[in-house]
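Enquirer: One structure follows; several queries about it will come next.
The values are calculated or read from the model by the stated rules, or taken from the named source; none is laboratory data. Every value quoted in this text rests on a predicted model; they were computed, and no experiment measured them. Cβ sites come from the backbone with ideal geometry, for glycine too, and all protein chains shown count toward neighbours. Please note that ligands, DNA and RNA were not included when accessible areas were found on the heavy atoms of the full protein model with its side chains. Shrake-Rupley method; radii C 1.70, N 1.55, O 1.52, S 1.80 Å.
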2 protein chains.
Amino acid sequence: MARPPDLSFPMHSVDIDLGDRSYSILIGSGFLPDGIARLADIRATSAVVVTNATLARLYLKGWSGFLATVYPRVHVVELPDGEEYKNWDSLNRIFSALLEWGCDRKTVLFALGGGVIGDLTGFAAASYMRGIAFVQIPTTLLAQVDSSVGGKTGINHPLGKNMIGAFHQPRLVICDLDTLDTLPKRELSAGLAEVIKYGPIADMALLDWLEGSLDAVLAKDRRALAHVVQRSCQIKAAVVGCDEKETGLRAVLNFGHTFGHAIEAGMGYGVWLHGEAVAAGMVMAAELSHRLGMVDARFVQRLTSIIGRAGLPTRGPIVDAADNAGRYLALMHVDKKAQAGEIHFVLIDGPGRAVSRPAPDALVRQVIDACCG
Amino acid sequence: MARPPDLSFPMHSVDIDLGDRSYSILIGSGFLPDGIARLADIRATSAVVVTNATLARLYLKGWSGFLATVYPRVHVVELPDGEEYKNWDSLNRIFSALLEWGCDRKTVLFALGGGVIGDLTGFAAASYMRGIAFVQIPTTLLAQVDSSVGGKTGINHPLGKNMIGAFHQPRLVICDLDTLDTLPKRELSAGLAEVIKYGPIADMALLDWLEGSLDAVLAKDRRALAHVVQRSCQIKAAVVGCDEKETGLRAVLNFGHTFGHAIEAGMGYGVWLHGEAVAAGMVMAAELSHRLGMVDARFVQRLTSIIGRAGLPTRGPIVDAADNAGRYLALMHVDKKAQAGEIHFVLIDGPGRAVSRPAPDALVRQVIDACCG
């Protein structure tokens with residue numbers, strides 16, 4: 001199943017500068033069994049690994065064995081696998097376990113998993129005894145390129161996704177590219193949607209590079225993957241840098257997400273993966289930018305082409321046979337990003353530059369009609 | 001029941017300097033019905049008052065009527081009254097209400113109540129959409145002198161008190177001394193325990209003043225109460241100032257709390273009020289300091305005397321007829337402040353100066369034997 005780690009492969013890293021909450025993202029192959037020297041800086045009386053059943057089977061033995069060489073005590077909390085478990089019950093299972101084991105503030109949590117495990121574990125770390133340390137070991141491309149930077153943690157509420165949470169920065173992020181070997185192709189593609197996103201909004205050189213190297217990325221070539229993760233984290237860090245608590249500037253990271261959230265909600269959460277919805281949403285947002293005279297048709301075509309090559313949908317689904325555009329608009333209006341009744345779209349104001357602003361409903365309808373089904 | 005507000009009484013205030021999280025504590029009488037001009041600085045699309053049934057009956061009409069003149073929408077979440085409701089269920093009631101009302105990040109929560117309401121509401125504000133604004137209107141002396149400064153918020157877990165929470169600073173604290181008119185005498189005394197505490201650990205002038213003015217405080221004289229709240233907040237702010245996230249220096253605020261927590265746990269939570277347990281705990285900690293040669297017997301006598309005059313217990317209870325000192329020690333060992341097996345006591349290292357350090361078990365036993373029953 002897994003190829004042997006490439007021990008000759010040089011480790012990449014990205015330093016996130018947040019004053020006394022600064023941390024590093026390590027990106028590499030063959031971290032185990034030798035382990036990571038940087039963990040020695042994170043002192044703790046016990047380490048608690050939070051993971052799910054699927055990942056436990058694949059990676060837990062290696063990681064917990066290694067952590068036992070660094071920390072006096074190592075415990076494991078194994079949660080069920082799936083977005084539906086990103087809730088209070090799972091969070092409380094972590095809290096109860098920590099209390100039963102007598103874990104104090106000198107405990108470090110390790111989130112071994114994708115976005116669900118990372119968000120849950122991060123919020124547990126933010127809230128346990130009002131804040132303890134945590135380390136992320138993201139095991140999906142999406143989590144590596146998106147959750148590594150920004151400090152967002154949280155859980156879902158029955159009335160809304162990601163409504164309860166905290167900003168809590170990890171002490172270290174370890175992106176072990178070897179874990180991507182077991183990632184299903186569909187999820188690799190979904191992760192690539194967020195990578196492609198960084199091109200139009202901030203760095204067209206990344207889009208150029210992807211056009212030349214996408215086949216290597218899809219073949220999980222270590223060097224290609226390392227570049228993808230490193231550049232994505234660097235760009236996100238630059239955007240988030242001025243806006244740690246999400247007051248507005250960060251909004252450009254939501255390129256494709258306004259349409260994308262409508263797709264996810266309209267199809268029922270989980271039918272389209274988040275990245276798939278964002279992919280089709282980016283095409284729609286690019287088309288809207290074009291119709292507002294902000295980019296040319298060639299730009300939209302170029303973006304559509306790379307999205308298709310990445311194995312992602314380039315057209316939105318029909319979410320309502322009777323009034324598809326109306327349903328999209330209704331869903332976007334209830335989205336939490338709708339401000340004072342107006343829907344804000346992240347639009348491309350020339351290649352590599354994004355802005356957030358409202359757009360006329362009639363034009364949005366035309367774009368939905370042109371880009372769906 | 002309530003005396004008319006003293007409108008001629010000048011408002012006191014304490015400014016808490018925390019950079020971009022700075023806020024003011026307003027202390028006064030007759031805030032209502034004229035309201036507080038400072039609220040105009042806290043812009044929000046809706047205000048949500050969190051309170052309990054008892055306080056709702058006394059104060060809600062005045063406050064919600066006033067808030068309706070400042071904010072477009074005002075909602076109320078009424079929770080049951082009692083420490084046993086400082087839990088996830090109450091927190092989730094707040095979240096559900098906020099989501100049902102469509103509250104966004106531009107919502108401000110008002111905590112109208114004592115410590116339970118303040119801790120719950122503060123944690124709800126810390127976690128809702130990863131952090132929204134909140135204002136405290138503490139209605140007990142304890143909450144006014146203790147919860148106004150420090151930013152601690154949180155809930156209890158079945159396996160431990162205050163185990164889940166966040167540091168989240170309020171945008172404003174309004175200490176309306178008029179609300180103390182309805183405070184039972186026993187709770188006024190319990191609040192005074194934390195006031196008395198600030199003398200031995202930081203400011204003997206406050207102890208001198210209390211010795212001369214305690215009768216006025218107990219009679220709820222506005223000027224005396226204002227001084228008590230203002231000085232307590234100033235002293236706590238000075239101590240917390242260098243140690244916002246509680247890394248160690250703040251420990252001196254726990255004078256009397258190590259013995260006190262053992263009393264609360266040994267008697268069953270709620271049998272002794274927190275302030276009552278801290279009062280007896282301060283006598284024990286002072287006696288321990290004396291037996292370690294750090295303060296003279298007169299100091300212990302002086303502290304014991306003011307505690308007794310405030311209507312507080314000066315001796316600890318017998319928590320175990322067979323082995324009282326052994327039970328105290330066992331309870332202190334499981335307390336979260338026990339580090340690496342050693343119990344740390346806050347001791348008085350000369351009047352107005354405190355230190356945190358371990359003490360020999362045999363000596364602690366002697367103190368318990370001398371100070372209980």
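Enquirer: Which far-off residues, 5 or more places away or on another chain, put their amide H under 5 Å from the one on A:Arg130, with H placed in the peptide plane?
Expert: Amide H neighbours of A:Arg130: B:Gly165.
Enquirer: Quick one: of A:Lys106/B:Lys152; A:Lys197/B:Lys106; A:Lys152/B:Lys161; A:Lys152/A:Lys197; A:Lys61/A:Lys161, which pairs are farther than 24 Å apart, Cα to Cα? Each step should come with its number before you reach the end.
Expert: Values: A:Lys106/B:Lys152 19 Å; A:Lys197/B:Lys106 28 Å; A:Lys152/B:Lys161 26 Å; A:Lys152/A:Lys197 19 Å; A:Lys61/A:Lys161 32 Å.
The pairs that break the limit, which is 24 Å between Cα atoms, are A:Lys197/B:Lys106; A:Lys152/B:Lys161; A:Lys61/A:Lys161.
Enquirer: Rounding to the nearest 10 and keeping the result within 0 to 90°, find how far the Cα-based axis of helix A:274-291 lies from the longest principal axis of chain A.
Expert: Rounded to the nearest ten degrees, it is 30.
Enquirer: Just to compare against my own numbers: the Cα pair-distance distribution for the protein assembly as shown, 10 Å bins, whole % per bin, please.
Expert: Cα pair-distance distribution for the protein assembly as shown, in percent: 3, 13, 21, 22, 18, 12, 7, 3, 0.
Enquirer: How high is the relative contact order of the stretch A:215-373, in percent, with contacts defined as C-alpha pairs under 8 Å that are six or more residues apart?
Expert: Reported as a whole number, the value is 23 percent.
Enquirer: Would you jot down the residues in the stretch B:74-99 that end up with at least 40 Å² less accessible area in the complete protein assembly than in the chain alone, with a 1.4 Å probe?
Expert: B:Trp88, B:Leu99
Enquirer: In vacuum, with every alpha carbon of chain A counted as one equal point scatterer, what does the Debye formula give for log10 I(q)/I(0) at q = 0.08 Å⁻¹? Two decimals, please.
Expert: For the requested q values the scattering log ratios are -0.39.
Enquirer: Over the Cα atoms of the stretch B:299-371, what is the Rg over Rh ratio if Rh follows Kirkwood?
Expert: We get a ratio of 0.99 for the stretch B:299-371.
Enquirer: Could you run the Karplus curve 6.51 cos²θ - 1.76 cosθ + 1.60 with θ = phi - 60° over the stretch A:220-229 and give me ³J(HN,Hα) per residue in whole Hz, x for Gly and Pro?
Expert: Result, ordered by residue: 6, 4, 4, 5, 5, 4, 4, 5, 4, 5 Hz.
Enquirer: Right, here's the next one. Can you list the HN-Hα couplings for the stretch A:312-318, worked out from phi with the Karplus curve (6.51, -1.76, 1.60; θ = phi - 60°), rounded to whole Hz and with x for Gly and Pro?
Expert: Couplings: 10, x, 9, 10, x, x, 7 Hz.
Enquirer: Let me ask something else about it. When each copy gets a label point 7 Å from Cα toward the beta-carbon at A:Thr45, what are the spacings between them in nm, shortest first?
Expert: Values, ascending and in nm: 4.6.
Enquirer: Among B:Ala37, B:Val50, B:Leu98, whose Cα lies farthest out toward the positive end of the dipole of the stretch B:12-182, if unit charges sit on the beta carbon of Lys, Arg (+1) and Asp, Glu (-1)?
Expert: Most positive-ward Cα: B:Leu98.
Enquirer: List for the stretch B:153-196: residues with 20 Å² or greater reduction in accessible area, all protein chains versus chain alone, probe 1.4 Å?
Expert: B:His157, B:Leu159, B:Asn162, B:Met163, B:Ile164, B:Gly165, B:Phe167
Enquirer: Name the long-range amide H neighbours of B:Val49: under 5 Å, sequence gap of 5 or more, or other chain; modelled H, no Pro or chain starts.
Expert: Correct list: B:His75, B:Val76, B:Val77, B:Phe110.
Enquirer: Any idea what the dipole of the stretch B:277-372 comes to, in debye rounded to 20, about its Cα centre with Lys/Arg Cβ at +1 and Asp/Glu Cβ at -1?
Expert: Working: 11 positive and 9 negative charges, 69 e Å.
With only Lys, Arg, Asp and Glu charged at Cβ, the dipole is about 340 debye.
Enquirer: Between B:Arg105 and A:Asp323, what is the label-to-label distance in nm when each label sits 7 Å out along the Cα-to-Cβ direction?
Expert: Modelled inter-label distance: 3.1 nm.
Enquirer: Rounded to the nearest 5, what % of the DSSP beta bridges within the protein assembly as shown are antiparallel ones?
Expert: Taking every DSSP beta bridge with both residues in the protein assembly as shown, the antiparallel ones total about 40 percent.
Enquirer: Once you put a point 7 Å from the Cα of B:Ala362 and another 7 Å from the Cα of A:Glu211, both along the Cβ direction, what distance in nm separates them?
Expert: 8.4
Enquirer: List the trypsin sites (Lys or Arg not before Pro) within the stretch A:25-103 that DSSP assigns to loop and that have no more than 16 neighbouring Cβ atoms inside 10 Å.
Expert: A:Arg43
Enquirer: Against the longest principal axis of chain A, how steep is helix A:115-127, in degrees 0 to 90 to the nearest 10, with axes from Cα atoms?
Expert: 60
Enquirer: Can you give me the % of accessible surface on the protein assembly as shown that is carbon or sulfur? Probe 1.4 Å, all protein chains present, nothing else counted.
Expert: Ligands and nucleic acids excluded, carbon and sulfur give 51 percent.
Enquirer: Sticking with this one: Angle between the Cα long axis of helix B:297-309 and the longest principal axis of chain B, 0 to 90 degrees, nearest 10?
Expert: 40
Enquirer: Same structure again: Step through the residues of the stretch B:200-208 one at a time and calculate ³J(HN,Hα) from phi using the Karplus curve (6.51 cos²θ - 1.76 cosθ + 1.60, θ = phi - 60°), rounding each to whole Hz and writing x for Gly and Pro.
Expert: Residue by residue, the stretch B:200-208 yields x, 7, 8, 8, 5, 4, 5, 5, 4 Hz.
Enquirer: With both bridge residues required to lie in chain A, what share of the DSSP beta bridges run antiparallel, to the nearest 5%?
Expert: Numbers: 16 of 42 bridges.
Rounded to the nearest five, the antiparallel share is 40 percent.
Enquirer: Give the relative contact order (percent, whole number) for chain A; include only Cα pairs under 8 Å separated by 6+ residues.
Expert: Dividing the mean separation by the residue count of chain A yields 14 percent.
Enquirer: Further question on the same structure: Skipping prolines and chain starts, which residues have an amide H placed within reach, meaning under 5 Å, of the one on A:Ala354, given they are 5 or more residues away or on another chain?
Expert: A:Asp349
Enquirer: Taking 7 Å along the Cα-to-C-beta vector as the label spot, tell me the B:Asp296-B:Arg223 distance in nanometres, rounded to one decimal.
Expert: 3.3
Enquirer: Please get the size of the charge dipole for the stretch B:1-131, origin at its Cα centre, with Cβ charges of +1 on Lys and Arg and -1 on Asp and Glu, quoted in debye to the nearest 20.
Expert: 340
Enquirer: Heavy-atom accessible surface, probe 1.4 Å, ligands and DNA/RNA ignored: which residues of the stretch B:109-146 lose at least 40 Å² versus the isolated chain?
Expert: Buried on complex formation: B:Ser127, B:Met129, B:Arg130.
Enquirer: How many square angstrom of accessible surface are buried between B and A, both sides summed, with a 1.4 Å probe and rounding to 100?
Expert: The contact between A and B buries close to 2500 Å².
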